[in-house]
Amino acid sequence: MGSPLEAPANLNRLPMQALIVLAVTFVLLWVFFILPQQRRVRAHQQLVAGLEEGDEVVLTAGIHGRITELGVEDLLLEVARGVELRVARQAVLRRVETVDTGSQPADASEAVTHGESGGAGPPKEDPRPAGSDVAMPTDPT
């Protein structure tokens, strides 16, 4: 059998294989987790740096509004007439893109949606208080 000081051939290669497996695992983790996160962070930094007054944005808390004033680290966001919030620039999740349909209604009253009636009759009055986003229960009768 050989001398007791000689190790079998498969034990000599074992540390190198473990090192290769560890390196491959690290590279895969980097590619699948770290790189995409870095791309998202860079894209968010570009978005925040490119904000301008008048942009409509959505905050991470889900608040929609229009930017009225920009500071170095914060911004003033108008969420309703006369209601402004001062928030951190980093709280902006995305910019809302306005879609231009290409055709404008001839009469301003045609631009108002009329609920389930399909446009017939006067518009229904909203029972919620002005600026309220809370849904009010409807009367089933």
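Bear in mind these aren't lab numbers, they're just calculated from the coordinates by the rules spelled out. Everything numeric in this text was worked out from a predicted model, so none of it was measured. Here the Cβ positions follow ideal geometry from the backbone for every residue, glycine too, while neighbour counts run over all protein chains shown.
Can you classify region 9-49 as rounded, prolate or oblate using the Cα gyration tensor, where a ≥ b ≥ c are the square roots of its eigenvalues, rounded means a/c under 1.5, and otherwise it's prolate if a/b beats b/c and oblate if not? Since a/c reaches 1.5 and a/b is larger than b/c, the shape of region 9-49 is classed as prolate. Rounded, prolate or oblate: which one fits region 52-98, using the alpha carbon gyration tensor with axes a ≥ b ≥ c (rounded when a/c is under 1.5, else prolate when a/b beats b/c, else oblate)? It comes out rounded by the Cα gyration axes.
Ordering ASP74, ASP55 from the fewest to the most neighbouring beta carbons within 10 Å gives ASP74, ASP55. Counting neighbouring beta carbons within 10 Å and listing from fewest to most, the residues LEU47, LEU22 come out as LEU22, LEU47.
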